[in-house]
Amino acid sequence: MLTPNHIVRVASLKTPEAFRNHVRALAIELPCDDEIQTGASSPLTLPMDKVRINGKVIGNRCVVQPMEGWDATAEGGVTEDVSRRWQRFGQSGAKLIWGCEAMAVRLDARANPHQLVMTENNLSGLAGLRLALEKGHRDRFGSAEDLVVGFQLTHSGRFCRPHSHSRLEPRVAYRHPILDLRTGVTSNDQVLTDAEVERLVEDFVCAARVAWKAGADFIDIKHCHGYLLHEFLSAFHRPGKFGGSFENRTRILREIVDGIRADGNPIELGVRLSAFDFVPFRPDPGLSKPGQPGPGVPEDYSRCLPYQFGFGVNAADPVQPELSEPIQFLELCLGLGIKMVNLSAGSPYYNPHIQRPAAFPPSDGYLPPEDPLVGVARHVNAVRYLRSRSNPTLVLIGSGYSYLQEFFPNVAQAVVREGWTDMVGIGRMALSYPEIFSDTMTRGRVNSKLLCRTFSDCTTAPRNGLTSGCFPLDPHYSGSPAAEQLREIKRASRQGAAEGNAGRP
């Protein structure tokens, strides 16, 4: 059984050559440069000048991905913790801030009771966040003229928890033979009707209007990680105009874009897309113990073949990507005037090792079924493939880099230089070490003491109703009352594992 103790730790690989040797041993492709270049010689410092976003050229190839803190007010408004996180993102050195965090387009669309909500009532607070982020960037780097900031708009679909951390209130695009059992979908009444979808389109249009008033340069119409718009992309068996054909499954995106333009809103548009999905995974029941999950294994999908319950997945073998429809989706985005697509994969809820490779699982996850570098390579090579087969005027952003740790700069520099991706983004790493981009481009080295080691506390905490942050490395969280609660939750889990092991041969 593969466990964190059996994974070759990235930190133990002391040189780029050692990293490359390990990559070769895993039979994967990940380029890794020997030297980290700085200043004008670095591929990461090159402006993203093939597009203009709200009249601006993005100043470099570095992106901060959305990382929400589950720490807004009950009405979805701004708190000091939210503002602090946004300021830190602004100080990162990245010139593209992709959303900062997901914002629900209405209260009942939230994934948690403390998610930001993009409504007129919250406009002044959201505008203040945007200004605070820009000020943080300007104070550190002297100018924000080439800084581009977007807001990510979402409906959480089957993962809605708008009123209680412990109670799902799912609304779905279709009935799913595996996920329905996990997410409390028991009735067709929980499937959005076409009329309800049309009203949701209006909600996105209204939220986009608020984003423009708040100063966002663009919005991300979120299509990733199993949330509602991503789910519509796999609504093969949904009847009516929002299901079945590719045209129908992408109709909601087209109607949102058309509605924003009909509203007279000039805001730029982007999409974060899970470019491929896999069948849901679960801990191996034969290797799991109380409080101690086994490695992830696919759910039994034999009754679901051909598998038409995911996007960008091989219908005959749903643990393999199939990227013909994602290519078609990128073509659609370009035709709609969408200039940037941020590529992710899978879902943190049902196959987290695909979405964000990590050595240590969150409390509701499973042990990694593969070396996490295999998951990183899966991300990187999917973006490489899509980059080679899509219009070069469309900006593509790659994800899944945080697990690279010390070698993030070496790999990021290489994939940008080789044209595998246009830009590189980090999520979890931006919580522990937002300045990693700045240190990379100016000093040519990183502070290993601040690197995210993928302990998954930033996921375990919100899964248990706490705020999200880097509890191991950020003093703001490590010294908070939530940190002690998190330690108690983990102690209880370990105690359960020890009791479960008692008397075992």
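The values are calculated or read from the model by the stated rules, or taken from the named source; none is laboratory data. Fair warning: this is a prediction, and the values are worked out from it, not measured in the lab. As a convention, Cβ positions derive from the backbone with ideal geometry for all residues, glycine included, and neighbour counts pool all protein chains shown.
Residue count for region 91-137, restricted to those that are over 16 Å from F159 (Cβ atoms) and part of a strand (DSSP E or B): 5. For region 112-130, which residues satisfy the criterion of being in contact (Cβ under 8 Å) with a residue 12 or more places away in the chain and surrounded by fewer than 15 Cβ atoms within 10 Å (Cβ to Cβ)? Those that are in contact (Cβ under 8 Å) with a residue 12 or more places away in the chain and surrounded by fewer than 15 Cβ atoms within 10 Å (Cβ to Cβ): E120, N121.
Counting only residues that are in a helix (DSSP H, G or I) and over 23 Å from Y401 (Cβ atoms), region 464-484 holds 7 of them. In this structure, L153 does satisfy being closer than 27 Å to F278 by Cα, part of a strand (DSSP E or B) and either modelled with pLDDT under 95 or not small (G, A, S) (or both). When G55 is tested against (1) free of Cβ contacts under 8 Å to residues at least 40 places away in the same chain; (2) touching a Gly at 6+ places or on another chain (Cβ under 8 Å), exactly one condition is not met: (2).
Criterion applied to M48, M103, M1 was being of a type in the set (A, V, I, L, M), over 30 Å from L192 (Cα atoms) and at pLDDT 95 or above, and the one residue passing it is M48.
Residue check: I327 meets all listed conditions (1) over 30 Å from N391 (Cβ atoms); (2) among the aliphatic types (A, V, I, L, M); (3) surrounded by fewer than 18 Cβ atoms within 10 Å (Cβ to Cβ) but one, namely (1). Contact map, region 301-330: residues that are in contact (Cβ under 8 Å) with a residue 24 or more places away in the chain and of a type in the set (S, T, N, Q) paired with residues that are in a helix (DSSP H, G or I) and surrounded by fewer than 17 Cβ atoms within 10 Å (Cβ to Cβ), Cβ distance under 8 Å, separation 6+ or inter-chain. Pairs shown: Q328/F246. Within region 132-171, the set of residues being of a type in the set (A, V, I, L, M), more than 20 Å from the chain's Cα centre (by Cα) and within 24 Å of L107 (Cα to Cα) comprises L168 only.
Somewhere in region 425-436, is a residue under 20 Å from S347 (Cβ atoms), among the aliphatic types (A, V, I, L, M) and not in a helix (DSSP H, G or I)? Yes, region 425-436 contains a residue that is under 20 Å from S347 (Cβ atoms), among the aliphatic types (A, V, I, L, M) and not in a helix (DSSP H, G or I). Counted as qualifying within region 203-305 are the helices (runs of 4 or more DSSP H) with 2 or more residues that are more than 22 Å from the chain's Cα centre (by Cα), of a type outside the set (S, T, N, Q) and surrounded by 19 or more Cβ atoms within 10 Å (Cβ to Cβ), namely 251-262.
The residues of region 188-202 that are assigned to a helix (DSSP H, G or I) and either touching an Asp or Glu at 6+ places or on another chain (Cβ under 8 Å) or farther than 18 Å from R161 by Cα (or both), listed by number, are N188, D194, A195, E196, V197, E198, R199, V201, E202. Inspection of region 364-373 identifies no residue that is more than 22 Å from G469 (Cα to Cα), in a loop (DSSP other than H, G, I, E, B) and either touching a Ser or Thr at 6+ places or on another chain (Cβ under 7 Å) or polar (S, T, N, Q) (or both).
To keep it simple, each residue is scored yes or no on (1) loosely packed, with under 12 Cβ neighbours inside 10 Å; (2) modelled with pLDDT of 95 or more; (3) among the polar types (S, T, N, Q).
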{"site": "L13", "(1), (2), (3)": "no, yes, no"}
{"site": "F19", "(1), (2), (3)": "no, yes, no"}
{"site": "H22", "(1), (2), (3)": "no, yes, no"}
{"site": "G39", "(1), (2), (3)": "yes, yes, no"}
{"site": "L44", "(1), (2), (3)": "no, yes, no"}
{"site": "V57", "(1), (2), (3)": "no, yes, no"}
{"site": "E68", "(1), (2), (3)": "no, no, no"}
{"site": "G77", "(1), (2), (3)": "no, yes, no"}
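Look at region 219-237 and say how many of its residues are of a type in the set (F, W, Y) and farther than 18 Å from E196 by Cα.
1
In the condition set (1) surrounded by fewer than 17 Cβ atoms within 10 Å (Cβ to Cβ); (2) within 30 Å of G264 (Cα to Cα); (3) free of Cβ contacts under 8 Å to residues at least 60 places away in the same chain, L192 is compliant with all but (1).
If you scan region 59-90, which residues turn out to be charged (D, E, K, R) and part of a loop (DSSP other than H, G, I, E, B)?
R61, E68, D71, E75
Could you grab the pairs with beta carbons closer than 7 Å, sequence gap of 6+ or different chains, first residue in region 471-489 and at positive phi, second one at pLDDT below 95 and part of a helix (DSSP H, G or I)? Close Cβ pairs satisfying both conditions: none exist. Only one of the numbered conditions (1) under 25 Å from the mean Cα position of the chain (by Cα); (2) part of a helix (DSSP H, G or I); (3) among the acidic types (D, E) is not met by D49, and that is (2). The set of residues in region 87-111 that are among the acidic types (D, E) and surrounded by fewer than 19 Cβ atoms within 10 Å (Cβ to Cβ) contains only D108. Flag set for R161, criterion: among the basic types (K, R) and not in a helix (DSSP H, G or I).
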